[in-house]
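J.: The structure is given below, and queries will be raised subsequently.
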Amino acid sequence: MTIQDVARQSGLPEPTLRYYEQVGLLGPIDRDPSSGYRRYGEADLDSAQVLSCLRTMGVGIEEMRTYQANRAAGGPDAAAAQRDLLQRHARRVAEQIAALRVHQDYLKVKSALWDARSLGDAAAEAVAMQRVLEVTPRLQAVAR
């Protein structure tokens, strides 16, 4: 398969495929002897698809490297290491979701405040301001 084929099937852009090969996440990729173009096999495509999923989930390069090494190693110890790596990342994602919920809450109460002001509704503005004051410490906490 060509790099274009793998890019299309994995969802990874061609420069990313080249970069992943350069940093050792993918390959080494065989080259056509006459043209020098990369020629990917099924195993390369499988690895690119795995890397695409990891990238989509926000997994960093070093964790991808560990993940790929564990895939290659196989066995119960590697499987346990994969589980641990994914569980750590799942905890980070849960923390990000919690922070985004606080951001969303803040945006909603600030929007309500400005809505009340735009309508000249002093009572609604007072309620919204109280909610802003309640959410602000949570917003500051996730910023730390």
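Read the figures in this text as sums done on the coordinates, not as results from a lab. Given the structure is predicted, the values throughout are model-derived calculations rather than measurements. Here the Cβ is made from the backbone with ideal geometry for all residues, glycine too, and neighbour counts use every protein chain on show.
J.: Can you give the net charge of the other residues whose Cβ lies under 12 Å from the Cβ of GLN9, counting K and R as +1 and D and E as -1?
T.: -3
J.: How tilted is helix 75-119 with respect to the longest principal axis of the chain? Cα atoms for both, answer in degrees (0 to 90, nearest 10).
T.: 30 degrees
J.: For region 1-133, what is the charge dipole size about the Cα centre, in debye to the nearest 20, if Lys and Arg each add +1 at the Cβ and Asp and Glu each add -1 at the Cβ?
T.: Computed charge dipole of region 1-133: roughly 300 debye.
J.: Could you give me D for region 91-144, from Stokes-Einstein at 20 °C and 1.002 mPa s, where the hydrodynamic radius is the Kirkwood radius over C-alpha pairs? Units µm² s⁻¹, please.
T.: Estimated diffusion coefficient is 183 µm²/s.
J.: Now for a separate question. If you average the C-alpha positions of region 39-98 and of region 104-138 separately, how far apart do those two centres end up, in angstrom?
T.: Each part's Cα centre sits 42 Å from the other's.
J.: Can you tell me the orientation of helix 42-56 relative to the chain, as the angle in degrees between its alpha-carbon axis and the longest Cα principal axis, to the nearest 10?
T.: Helix 42-56 and the main axis of the chain meet at about 10 degrees.
J.: Next question. Work out the charge dipole of the chain with +1 on the Cβ of Lys and Arg and -1 on the Cβ of Asp and Glu about the Cα centre, then indicate which of ALA81, PRO137, LEU100 is farthest towards its positive end.
T.: My answer, from the dipole projection, is PRO137.
J.: Then there is this: Anyone know which of ASP46, ASP30, ASP115 comes out most mobile in the 10 Å Cα GNM of the chain?
T.: Looking only at ASP46, ASP30, ASP115, the biggest GNM fluctuation is shown by ASP115.
J.: I would also like to ask the following. Compare the Cα positions of SER111, GLY36, GLY60 along the charge dipole of the chain (+1 at Cβ of Lys, Arg; -1 at Cβ of Asp, Glu; about the Cα centre) and return the one farthest towards the positive end.
T.: SER111
J.: Between helix 122-143 and the chain, what is the angle of the helix's C-alpha long axis to the longest principal axis, kept within 0 to 90° and rounded to the nearest 10?
T.: 40 degrees
J.: Let me ask something additional. Compute the length gained on full extension between SER34 and GLU95: take 0.36 nm times their separation in residues and subtract their Cα-Cα distance, giving the result in nm to one decimal.
T.: Length gained between SER34 and GLU95: 16.9 nm.
J.: Just the Cα atoms of region 1-60, one point each, no solvent: what log10 I(q)/I(0) does Debye give at q = 0.13, 0.19, 0.30 Å⁻¹?
T.: -0.29, -0.60, -1.44
J.: Same structure again: Can you give the relative contact order of region 91-144 as a percent, counting alpha carbon pairs under 8 Å and 6+ residues apart?
T.: Contact order relative to length: 41 percent.
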